[in-house]
Amino acid sequence: MKKVFVVMIALLTMVAFASSVMAQAPAKPAPAPAPAPEKKAPEKAKADKPKAMKATGVVAGYEAGKMIKVKGKDKEMAFDVTGDTKVKGEVKDGAKVTVMYKKDGDKMTATSISVAAEKKKAPEKK
């Protein structure tokens, strides 16, 4: 009986030391997951994104915060003006402007309006 008791204590002591050694061992880092394959956007999605365009001409009509009409060489174009539209210079009828806009379907929204500086005529020499 005494021998069984000594063997049991020896086994329990070994288990205690073995478990403490295992607990202190550094954990192996998990392997990094493989990167997901890149998904290409369908061609249709690219076509739906509005493209930035440019128009130049003379102001034919302007309502601040609502719309601007620009008369170019070929035709007159109307653009919606939003709160995000950046306006550089004083927009008035007859002023030369450059309008950067995005076309979404039939709707054209101005993203920026730049008024060209008026050229001063040089005094004529007599």
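The values are calculated or read from the model by the stated rules, or taken from the named source; none is laboratory data. None of the values given here were measured: they were computed from a predicted structure. When we count neighbours, we look across all protein chains shown, and the Cβ atoms used for this are built from the backbone with ideal geometry, even at glycine.
Would you pick out the residues in region 66-93 that are small (Gly, Ala, Ser) and in contact with a strand residue (DSSP E or B) (Cβ under 6 Å, 6 or more places away or on another chain)?
Going residue by residue through region 66-93, those that are small (Gly, Ala, Ser) are 72, 78, 83, 89.
Of everything in region 66-93, those that are small (Gly, Ala, Ser) and in contact with a strand residue (DSSP E or B) (Cβ under 6 Å, 6 or more places away or on another chain) turn out to be Gly72, Ala78, Gly89.
How do the pairs read when you match residues in region 76-97 that are touching a residue at least 24 places away in the same chain (Cβ under 8 Å) and farther than 14 Å from Glu63 by Cα with residues anywhere that are assigned to a loop (DSSP other than H, G, I, E, B) and not small (Gly, Ala, Ser), using Cβ under 7 Å and keeping only pairs 6 or more apart or on different chains?
Note: pairs meeting the criteria are Val97/Val91.
Here is a list: Ala60, Ala122, Ala52. Which entry is modelled with pLDDT under 90 and not in a loop (DSSP other than H, G, I, E, B)?
Checking each option against the conditions leaves just Ala52.
Just the residues that are at pLDDT below 90 and under 19 Å from Met53 (Cα atoms), please, taken from region 88-107.
Of everything in region 88-107, those that are at pLDDT below 90 and under 19 Å from Met53 (Cα atoms) turn out to be Lys103, Asp104, Gly105, Asp106, Lys107.
Output yes when any residue across region 30-42 is at pLDDT 75 or above and not polar (S, T, N, Q), and no when none is.
There is no residue in region 30-42 that is at pLDDT 75 or above and not polar (S, T, N, Q).
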